Every structure is written in structure tokens, then in C-alpha cells.
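First the structure, in the form of C-alpha cells, and then the observations on it.
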Amino acid sequence: MLEIKNLHARIADDGAEILRGIDLTVKPGEVHAIMGPNGSGKSTLSYILAGKEDYEVTEGDILFNGESILEMAPEERASAGVFLAFQYPIEIPGVATMTFLKTAMNAQRKARGEEELSTPEFMRRVKDKAGELQVTMDMLKRPLNVGFSGGEKKRAEILQMALLEPSLCVLDETDSGLDIDALRVVADGVNKLRSPERSSIVITHYQRLLDHIVPDVVHVLSKGRIVKTGGKELALELEKNGYAEFVGAAA
Amino acid sequence: MNMEPRGMETHAETEIAELFDKLHQDLPGATDVSRSREAAFAAFRQNGLPHRRVEDWKYSDLRNRLKSVPGFAARRDDTAAAAILAAAGDVYGAVDRYRLVIVDGQFHAGLSDLTALAAEGAVVRPLAEALADEGAELFEVPEIAADNAAVGLNAIFCADGLVLTIADKARLSKPVEIVHALSGDAPVSTAERVVVKAGAGSEVTLLETFVGGTEGSFANSVSDFRVASGAKLVAARLQTEAAGTTHVGTALVTQAEDSAVKLIGAGIGAGFARHQSFVRFAGENARADLLGITMVRGGQHVDQTLVVDHAVPHCDSRELFKTVVDDDAKGVFQGKIIVRPHAQKTDGQMMTQSLLLSEHADMALKPELEIFADDVQCAHGATSGQIDEDLLFYLRARGIPEAEARTLLVLAFLSEAVEEIGDEVVVEAFEERIRSWLSAKE
């Protein structure tokens with residue numbers, strides 16, 4: 001599904017190196033958690049997977065279903081099945097949420113050579129998924145993410161994910177800013193999408209989210225490198241002892 | 001006006017003087033109208049065409065733009081006028097409305113819906129005819145526009161147009177479209193004037209469209225809205241003239257007490273366009289909403305200039321102007337709110353925002369407040385920015401191709417002004433123009 005090989009990357013503007021040789025393989029159906037302290041490169045990794053142009057890959061490669069995606073535009077990656085749930089979903093005043101959803105779904109379908117969705121079919125899908133994620137019609141009538149609470153924004157991200165049906169879900173600190181009830185709704189939404197063909201990378205600071213979205217593999221990222229890999233029990237260990245031991249090891 | 005000696009007369013200025021010599025004997029109107037024209041011509045001889053050293057025209061140098069002034073078209077028969085009208089395109093397509101047709105500056109009663117309008121209490125007269133018996137009163141303008149060079153130039157040559165008189169309390173069941181069509185075959189100059197007298201308590205929606213034209217056309221129209229007490233007037237002005245056209249369009253608004261005016265302007269066409277609005281509150285508790293949408297690209301230059309004169313207390317004015325500038329184009333916004341010494345409880349709010357889509361796009365913003373009363377609320381804001389890269393990335397990360405994502409964001413930028421329009425017919429027509437502008441980008 002996804003193979004990241006010796007990935008080095010820096011910020012395009014100032015040349016600051018953020019990722020210093022990441023190796024990561026995610027097989028179909030697996031959920032990988034990436035944990036690590038602030039500044040370790042977690043969000044950068046998620047942006048690079050989605051194709052943000054603020055970063056420059058200086059070495060290594062990212063293979064998605066066996067093909068390099070480094071030269072692909074963000075929209076091409078999205079249509080190929082990569083989805084990034086943003087840590088801070090962006091408010092876009094003036095773009096109606098429904099217009100946005102329909103435009104995105106049909107753009108991806110068009111890119112894959114599929115028929116565009118009819119309006120009734122689109123509406124049916126939105127209503128089904130929105131209900132499960134407690135996204136109200138009132139929210140859908142507003143401009144994209146405008147006036148949404150933190151929790152509403154995260155639910156709206158997962159709604160987009162459910163509608164776009166990606167094969168690789170990258171969740172960047174989806175738990176930040178969520179209370180325990182909202183966390184459960186979001187986690188349930190993610191768990192519903194688990195399937196043998198769909199993989200996820202869950203980026204988080206805290207063990208808490210991993211109680212709900214149970215990972216197959218846990219990685220610790222520090223200073224742009226993966227310094228430790230283990231099973232789900234590694235997350236518990238980190239929760240108890242903190243990152244100090246691993247951060248030290250990488251220095 | 002000032003003692004600064006004028007430079008060399010330009011070719012266009014010489015042509016204007018020659019045109020006046022040739023035409024003035026035959027221009028319509030009684031003696032007082034002739035005197036108005038003579039006075040306007042004397043001012044023109046002294047000042048010439050407005051240029052960048054005249055403060056009001058600092059960013060839009062009409063003298064430099066006008067290399068040559070084509071002649072005024074002879075009046076065409078209705079068949080020829082209908083052909084020009086058809087070639088210029090129908091902006092409102094299937095919308096059920098009354099039409100009043102002006103082609104190359106001449107009003108065509110035979111192509112207009114006069115009988116049906118009269119049945120609703122709205123009487124239309126050709127301006128040429130009205131000038132003969134109503135006289136120079138039709139050329140009177142608010143003080144804030146009295147020295148305006150373009151309005152003066154219109155008075156010199158104005159040969160026709162129309163006077164629309166709406167009876168007190170008349171509520172027109174359909175919008176009235178006033179089409180200003182320019183011939184696309186050969187350049188002409190025009191100087192028509194539309195005078196709308198909205199009676200007390202009347203309600204009307206006017207759709208003014210400015211269409212057609214060709215390389216070298218010079219359109220200089222004045223629309224004068226005189227709004228009586230309690231009347232509600234919406235005037236949506238949509239300018240989509242051909243690329244080589246020079247367009248100067250002036251809206252004059254005088255509002256009596258308790259009246260409400262919404263003046264909506266979209267400037268999309270013409271190579272060089274100046275849209276001017278002058279609003280004067282003459283009675284208390286009146287409200288004016290001014291909305292502007294300007295979209296320019298290529299080498300276009302489009303100017304939105306407005307002056308709102310709070311001459312009396314207790315009036316509200318709202319201005320929201322959005323400008324999108326691409327390529328090497330230039331946008332200009334000049335907005336002035338004047339609050340006279342006794343105009344207490346004035347509430348005036350002006351906002352202008354521009355979105356620059358290219359490195360070389362240029363925008364000049366000049367908001368001004370002149371406040372002489374002490375118990376007022378006035379504010380202005382001006383912003384200029386580019387497409388937000390984070391928003392663009394978010395849309396692209398959801399699979400929306402870059403060009404489509406940019407279009408969505410431009411529409412989002414304009415949406416606030418579009419939503420304020422309110423009238424569905426106008427919203428649809430404007431959105432269609434905006435979308436076709438955006439999709440025309442290679």
C-alpha cells in the first residue's frame with residue numbers, strides 16, 4: 001500500500017531539514033500510529049504525503065501502490081486514494097459545504113474516469129454518512145467549516161473521508177481539541193472505515209485516541225526519524241514513561 | 001478650476017471641440033439647454049479632458065487613454081438598431097422584464113415596451129423631446145458631481161436618452177431593463193442620459209446593461225435617479241462592453257426622506273472603464289446601499305469611483321466593493337463619504353476589498369472620509385490580497401484540480417457582495433457573468 005523509503009525533506013523557504021530518513025511500510029488493512037513529541041516532524045510527514053508544496057523532498061521516495069507519488073499534484077494524490085484529515089481544518093467563507101463536497105467527490109470521480117454523481121445520489125450519500133457522524137443539516141448549510149466548533153470541524157473532516165472513500169487515511173492529530181464524547185464519535189467514524197483494503201496512519205500525541213482506534217503498529221518519531229517501532233503496547237509504555245528515553249536515543 | 005496653464009491640446013481634445021462646432025446648432029433643447037451646453041463646453045475648453053494631475057482622475061487618466069474621439073452616430077432606423085441590439089447580446093435572456101432600448105446613444109421607442117409600462121404608471125419620453133419642454137432642469141446634477149468632467153462632457157453632447165417617470169405609489173410588477181447597446185461594426189461616441197423620476201412611495205427595479213462596442217468606441221452615459229420620499233429603487237448596472245471600448249458611466253442619485261436605494265454595479269468589460277456614482281441624501285431617514293463587483297484582466301483598466309454626500313441628518317449608507325485583478329490589469333477604487341456639519345446621526349460604512357491573481361496585477365485604493373458633524377458613525381476599510389495558499393491546498397488535497405479550486409476561491413471572495421444583491425434575477429445574471437469570466441481564463 002504505502003512504502004516510505006529513506007525520506008529526507010526540508011522546508012522549501014528556509015531549507016530547515018525536518019525529516020531525516022524515514023522508512024515506513026504500511027500494508028493493506030493496517031493501522032499505524034505515529035507518536036512523538038512536538039517538533040518531531042509528524043505533521044510535516046502528513047503534509048508531504050498529501051503533496052503540500054511548502055516542503056521539498058531531498059532524498060528517498062514515497063511509493064503508493066508501488067508507484068512514486070512525489071511528482072504528483074495534491075489533487076492527483078487525492079484521486080489516487082490519499083486522504084489527509086487536517087489537524088486544523090480550514091475555514092473557507094463563501095464556499096458552501098455542500099458545493100465543496102459535491103465538487104470534490106465529482107472531481108475525484110472524473111479523474112478516475114467514473115461517472116459524476118447525480119444530485120439525488122449525492123444527497124443520499126451525504127445524508128447517510130452525516131447522520132452517523134452527527135453532522136447536522138444546519139452545519140452542511142453553512143460555508144465550509146465556518147462557525148464550526150473544534151469538534152464539529154473534526155467530524156466534518158471524517159465525513160469528507162467517509163464520502164471520498166480513500167484507500168489511505170492520514171489522520172493528523174484528529175484527537176486534538178476533542179472532548180471525550182466527540183473523540184468517540186470521531187473514532188467510531190474512523191473504525192467504520194476500517195477494511196482489509198484500506199490503511200490508516202494515525203498521528204497523535206496521546207494514547208487516548210488509540211484506546212478507540214486500536215493500531216496494529218506503533219512508531220515513535222523523533223527529530224525526523226523513526227526511533228522505535230512496536231505493537232499497540234508501545235503506546236501504553238509511552239503514556240507511562242514519556243518520550244524522554246527515545247528522544248535521548250536519537251540524539 | 002485652477003490656474004495651472006494647460007499643456008498642449010491633445011488630438012482628442014481638438015476633435016471634441018470640432019464636434020461641438022459642427023453639432024451644437026442641431027442638438028435638442030430650448031435656450032436654457034443651449035446655455036447649459038455652452039457652459040459645459042467652456043469648462044471643457046479650460047480644463048480639457050481629465051488627466052492624472054486632477055485629483056479625482058489621478059489613477060484613471062482619460063486624456064492619455066483617448067487618442068481619438070469617433071463621431072456620434074446618426075440616428076438609425078428601428079431595424080438597424082434591432083440588429084445592433086441583437087449582436088450585442090441579451091444579458092438577461094429569459095427574464096420576464098420590460099425593455100427600454102438605447103442604441104448608440106439614441107432611444108428607440110419602437111423597440112421598447114412603452115404601452116405596458118404606461119399601464120403600470122410608468123411613463124417614458126425620449127430625452128430629446130423632454131429637453132424641448134422640460135429644459136435644463138433635466139441637466140441639473142447634485143453639487144458633488146457639478147464639476148465632474150465626464151458629466152460635463154455628457155451635457156455638451158447629450159442628444160437623446162430617456163426620461164422615465166414613475167407615478168407615486170406605483171409598484172412595477174416586473175423589472176425594467178434599460179439597454180445601452182453600442183454598434184460593434186464601427187466605433188462611435190455616445191452621450192446619452194437617462195433620467196428616472198421615482199414617485200413618492202413607488203417601487204422599481206432597474207436593470208441597466210451596457211453592451212456591444214468595438215475598438216475605439218467611446219461611451220459616456222449619465223443615469224440620473226431622482227428618488228422621491230418613501231420610494232424604493234434598485235438599479236443594477238452591468239457593463240460588459242467589448243475590449244477596445246472606453247466606457248465612462250455615471251450614476252447620479254438624489255434621495256428624498258425615507259427612500260431606499262440599492263445601486264449595484266458590475267464592471268467586467270471595456271478596455272478602459274470608469275464607473276462613477278454620486279449619491280446625495282436630500283431628505284432624512286434615507287438609506288443607500290452601494291455594491292460593486294469588478295473583474296479585470298489582460299490590459300484592462302477599470303475604475304470605481306463613488307461619492308456619498310450626507311447632506312442631511314439620520315441617513316445610512318453602506319458600500320461594499322470587490323475587485324478581482326488578473327494579468328497586467330489595473331483596478332481602481334476611490335470612495336468618499338462626506339458628512340455635512342449638521343448631518344448628525346449619520347451612519348456610513350464603506351468596505352473595499354481586492355484580490356490580485358497575478359504578480360503584475362495592480363490595484364489603487366483610495367477611501368476617504370470628510371466628516372464635519374460630531375455625532376456620527378463612519379468607518380471605512382480597505383484590503384488587498386492574493387489567493388490564500390493554505391485554502392488552495394486544502395481544496396486540492398480533496399481532489400479539486402488547481403484551476404477549479406482557484407475559481408471556487410474567487411467566487412468565495414465575491415460571494416459576500418453577490419449575497420447582498422438580494423434580487424434573484426440580478427444575482428443569477430451576475431453569477432453567470434462571473435462564471436463565464438472565470439472560465440474564459442486559458
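In table form, for the structure just shown:
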{"read-out": "Selection count, region B:210-230, where residues are on the phi > 0 side of the Ramachandran plot and touching a strand residue (DSSP E or B) at 6+ places or on another chain (Cβ under 7 Å)", "value": "2"}
{"read-out": "Some residue of region A:188-195 being within 16 Å of the chain's Cα centre (by Cα), at pLDDT below 90, among the small types (Gly, Ala, Ser) and part of a helix (DSSP H, G or I)", "value": "yes"}
{"read-out": "Qualifying residue in region A:157-175 (condition: surrounded by 18 or more Cβ atoms within 10 Å (Cβ to Cβ), away from chain B (no Cβ under 14 Å) and in a helix (DSSP H, G or I))", "value": "no"}
{"read-out": "Single condition B:Ile84 does not satisfy, out of (1) loosely packed, with under 15 Cβ neighbours inside 10 Å; (2) assigned to a helix (DSSP H, G or I); (3) assigned by TED's automatic domain parsing to the domain that holds B:Gln334", "value": "(1)"}
{"read-out": "Odd one out for A:Glu116, checked against (1) within 23 Å of B:Arg406 (Cα to Cα); (2) part of a strand (DSSP E or B)", "value": "(2)"}
{"read-out": "Single match in B:Tyr98, B:Tyr92 (criterion: modelled with pLDDT under 95, more than 20 Å from B:Thr250 (Cβ to Cβ), touching a Leu at 6+ places or on another chain (Cβ under 7 Å) and not β-branched (Val, Ile, Thr))", "value": "B:Tyr92"}
{"read-out": "Of the criteria (1) touching a helix residue (DSSP H, G or I) at 6+ places or on another chain (Cβ under 6 Å); (2) at pLDDT 95 or above, which one A:Gln207 fails", "value": "(2)"}
{"read-out": "Single condition A:Met98 does not satisfy, out of (1) surrounded by fewer than 18 Cβ atoms within 10 Å (Cβ to Cβ); (2) assigned to a helix (DSSP H, G or I); (3) within 14 Å of chain B (Cβ to nearest Cβ); (4) free of Cβ contacts under 8 Å to residues at least 12 places away in the same chain", "value": "(4)"}
{"read-out": "Matching entry among A:Gly231, A:Gly224 (being surrounded by fewer than 17 Cβ atoms within 10 Å (Cβ to Cβ) and among the small types (Gly, Ala, Ser))", "value": "A:Gly231"}
{"read-out": "Scan of region A:6-17 for residues that are over 17 Å from A:Leu70 (Cα atoms) and assigned to a strand (DSSP E or B), ordered by number", "value": "A:Glu17"}
{"read-out": "Selection within region B:407-436 - within 12 Å of another protein chain (Cβ to nearest Cβ), out of contact with any Ser or Thr (no Cβ under 8 Å at 6 or more places or on another chain) and not β-branched (Val, Ile, Thr)", "value": "B:Leu409, B:Leu411, B:Ala412, B:Phe413, B:Leu414, B:Ser415, B:Glu416, B:Ala417, B:Glu419"}
{"read-out": "Flag for B:Val176 being under 21 Å from B:Lys67 (Cα atoms), crowded, with 21+ Cβ neighbours inside 10 Å, touching a helix residue (DSSP H, G or I) at 6+ places or on another chain (Cβ under 9 Å) and among the β-branched types (Val, Ile, Thr)", "value": "no"}
{"read-out": "A:Leu183, sole failed condition from (1) more than 14 Å from chain B (Cβ to nearest Cβ); (2) touching a helix residue (DSSP H, G or I) at 6+ places or on another chain (Cβ under 9 Å); (3) outside any helix (DSSP H, G or I)", "value": "(3)"}
{"read-out": "Identity of the residue in region B:273-320, of a type in the set (Lys, Arg) and over 12 Å from the mean Cα position of the chain (by Cα), that ends up farthest from B:Glu416 (Cα to Cα)", "value": "B:Arg280"}
{"read-out": "Residue selected from region A:70-95 under the condition in a strand (DSSP E or B) and over 23 Å from A:Ile201 (Cβ atoms), by the criterion nearest to the other protein chains (Cβ to nearest Cβ)", "value": "A:Gly94"}
{"read-out": "Flag if A:Leu45 is more than 9 Å from chain B (Cβ to nearest Cβ), surrounded by fewer than 20 Cβ atoms within 10 Å (Cβ to Cβ) and in contact (Cβ under 8 Å) with a residue 60 or more places away in the chain", "value": "no"}
{"read-out": "Tally of residues being among the charged types (D, E, K, R) and either under 12 Å from the mean Cα position of the chain (by Cα) or within 15 Å of A:Cys169 (Cα to Cα) (or both) across region A:77-94", "value": "1"}
{"read-out": "A:Asp61 vs. criteria surrounded by fewer than 19 Cβ atoms within 10 Å (Cβ to Cβ), within 14 Å of another protein chain (Cβ to nearest Cβ), in contact with a strand residue (DSSP E or B) (Cβ under 9 Å, 6 or more places away or on another chain) and in contact (Cβ under 8 Å) with a residue 24 or more places away in the chain", "value": "no"}
{"read-out": "Entirely in region B:87-169, the helices (runs of 4 or more DSSP H) that have 2 or more residues that are in the same structural domain as B:Val222 (by TED's automatic domain parsing) and touching a Ser or Thr at 6+ places or on another chain (Cβ under 9 Å)", "value": "B:149-157"}
{"read-out": "Subset of region A:18-42 that is of a type in the set (Gly, Ala, Ser) and surrounded by 18 or more Cβ atoms within 10 Å (Cβ to Cβ) - its residue that is nearest to A:Gly66 (Cα to Cα)", "value": "A:Ala33"}
{"read-out": "Unmet criterion (only one of (1) of a type outside the set (A, V, I, L, M, F, W, C); (2) at pLDDT 95 or above; (3) assigned to a loop (DSSP other than H, G, I, E, B)) for B:Thr79", "value": "(3)"}
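Listed here are the residues, each with its yes/no results for (1) part of a loop (DSSP other than H, G, I, E, B); (2) surrounded by 15 or more Cβ atoms within 10 Å (Cβ to Cβ); (3) aliphatic (A, V, I, L, M).
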{"residue": "B:Leu19", "(1), (2), (3)": "no, yes, yes"}
{"residue": "B:Asp32", "(1), (2), (3)": "no, no, no"}
{"residue": "B:Arg52", "(1), (2), (3)": "yes, no, no"}
{"residue": "B:Ala74", "(1), (2), (3)": "yes, no, yes"}
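A quick yes/no check of all residues on (1) among the aromatic types (Phe, Trp, Tyr); (2) under 21 Å from B:Asp388 (Cβ atoms); (3) exposed (fewer than 14 other Cβ atoms within 10 Å of the Cβ):
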{"site": "A:Asp54", "(1), (2), (3)": "no, yes, yes"}
{"site": "A:Tyr88", "(1), (2), (3)": "yes, yes, no"}
{"site": "A:Phe122", "(1), (2), (3)": "yes, no, no"}
{"site": "A:Lys129", "(1), (2), (3)": "no, no, no"}
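The values are calculated or read from the model by the stated rules, or taken from the named source; none is laboratory data. From a predicted model like this one, the values you see are computed outputs, not experimental measurements. Every residue, glycine among them, receives a Cβ derived from its backbone with ideal geometry; neighbour counts consider all protein chains shown.
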